[in-house]
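This report concerns only the one structure given below.
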Amino acid sequence: STIVLIFEAPKDFNFSLQAGQKIRFGEALGSL
Amino acid sequence: VHTAPARSLSLLRPLPILVATGGGYAGYRQYEKYRERELEKLGLDVPPKLAGHWEVALYKSVPTRLLSRAWGRLNQVELPHWLRRPVYSLYIWTFGVNMKEAAVEDLHHYRNLSEFFRRRRKPQARPVCGLHSVISPSDGKILNFGQVKNCEVEQVKGVTYSLESFLGPRTPAEDLPFPPAVRHSSFRSQLVTREGNELYHCVIYLAPGVQVGVQLPRIWNGRPAREYQCSLMSVNPGMARWIKELFCHNERVVLTGDWKHGFFSLTAVGATNVGSIRIYFDRDLHTNSPRYSKGSYNDFSFVTHANKEGIPMRKGEHLGEFNLG
């Protein structure tokens, strides 16, 4: 199964991720 | 072969044909992979090899929802006490589950695999990051993320799907008090509510065995929900690289709302093994149900005359879960 987040945010929103990385609930996806 | 009676000989004839075509197709696929590796070694960008329409149609014709429901029924069979430890230990070993994080560690507590699949974690097992504005709604693997351009979202690098097909029309027409005065120039302008903002997306793949609870990544006022009855094809990364618009073909629940910067949506996309989606505040939601035809969808709004705000939710709050079958 898959979860897709689609959201609006200011231009300076940045993801703190790498494609393919494992992630756990509660860990940061990104921030302004 | 010489001594076999005529009838069984007629049965034998399709066998070599099947073996030959199957072997030929497998050999062709191996050659394709070899050729792509050689091109990558030369530093040439190999475009993803997408499934043709006939391959997608053939896959969609497989009764995946029926198979998924049968799989769910099988996993609801109550296991005898003595069988629980060996069965769940095999599952733990196969998927690398850490039972120390489970709220109930005793394997005999879970009556069947479905219950074991829905086990809850200890609250302290997953601390919620307080610094960052958006956190992961579940355990999983990041398939893709980034800014949404031209209303096309990348499911994996180089393979996209249409945002409008995925989320569906922004507001159910019957909910509008009057026909929209201005035909929005694009679907994007129906979603982005503030000047200077952009649309972002993040795709998280929940491998089999991953804890299936879904928590909210943000403070959020849940508004309309939309449930699509579609296929339940596998959504593993290999399929996401092969079938364009894969997430638009699959059964899914689209939750939309807003957060402090505007529009926010979380969509749970089902798959063959986990065909059912539960949203705790939506008791009327029934996914993977035989009574709905493929391709239809139901809308539901949590905004009422009495409650204009929808359903307020906090970051890290339990939102729902995927279930087997």
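Since every read-out is calculated from the coordinates, none of them should be taken as a lab result. The structure presented is a predicted model; accordingly, all values stated were derived computationally and were not measured. When we count neighbours, we look across all protein chains shown, and the Cβ atoms used for this are built from the backbone with ideal geometry, even at glycine.
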Response to the item:
Counting only residues 5 or more apart in sequence or on a different chain, those whose built amide H sits under 5 Å from that of B:Thr160 are B:Gln155, B:Glu245
Fill in: ³J(HN,Hα), Karplus 6.51/-1.76/1.60, whole Hz, each residue of region B:280-293, x for Gly, Pro
4, 8, 10, 6, 7, 6, 10, 9, 6, 9, x, 7, 9, 8
Worksheet entry | Karplus (6.51, -1.76, 1.60) ³J(HN,Hα), θ = phi - 60°, over region B:308-325, in Hz, Gly and Pro reported as x | 6, 7, x, 10, x, 9, 9, 4, x, 6, 5, 9, x, 7, 8, 10, 5, x
Worksheet item: By average Cβ neighbour count within 10 Å, what is the ranking of B:102-111, A:23-32, B:25-34 from highest down?
Response: A:23-32, B:102-111, B:25-34
Item to complete: Tabulate in residue order the Karplus-calculated ³J(HN,Hα) for region B:66-81, using 6.51 cos²θ - 1.76 cosθ + 1.60 with θ = phi - 60°, rounded to whole Hz; enter x for Gly and Pro.
Response: 5, 4, 5, 5, 5, 4, x, 4, 4, 7, 9, 5, 5, 8, x, 3
Fill in: Packing rank of B:81-93, B:271-283, where each peptide gets the mean count of other beta carbons within 10 Å, highest leading
B:271-283, B:81-93
Discussion item. Here is the link list: B:Lys33/B:Lys244; B:Lys41/B:Lys157; A:Lys22/B:Lys157; B:Lys49/B:Lys294. Which ones come out longer than 22 Å on Cα distance?
Written reply: B:Lys49/B:Lys294
Worksheet item: Excluding same-chain residues fewer than 8 positions from A:Lys11, which lysines have a Cα within less than 21 Å of its Cα?
Response: B:Lys149, B:Lys260
Worksheet, complete the sentence: Expressed as a whole number, the average count of other chain Cβ atoms within 10 Å around the Cβ atoms of B:141-151 is 4
Practice prompt. Ratio to report: Rg/Rh of the protein assembly as shown, with Cα atoms as the point set and Rh obtained by the Kirkwood method; give two decimals.
Written response: 1.02
Worksheet item: Among B:149-156, A:4-11, B:189-196, what's the highest-first ranking by average C-beta atoms within 10 angstrom per residue?
Response: A:4-11, B:149-156, B:189-196
Worksheet item: With the dipole of the protein assembly as shown worked out from charges on the C-beta (+1 for Lys and Arg, -1 for Asp and Glu) around the Cα centre, which of B:Val134, B:Tyr88, A:Ala28 lies farthest toward the positive end?
Response: B:Tyr88
Practice prompt. Just tell me how shielded B:67-80 is by partners: mean number of partner chain Cβ atoms within 10 Å of each residue's Cβ, no decimals.
Written response: 0
Worksheet item: Quick one: helix B:14-41 against the long Cα principal axis of chain B, what's the angle to the nearest 10°, folded into 0 to 90?
Response: 50 degrees
Item to complete: Treating only the Cβ atoms of Lys and Arg (+1) and Asp and Glu (-1) as charged, compute the dipole magnitude of the protein assembly as shown about its Cα centre; round to the nearest 20 debye.
Response: 820 debye
Practice prompt. Give me a single rounded figure for B:124-130: the average over its residues of other chain Cβ atoms within 10 Å of their Cβ.
Written response: 3
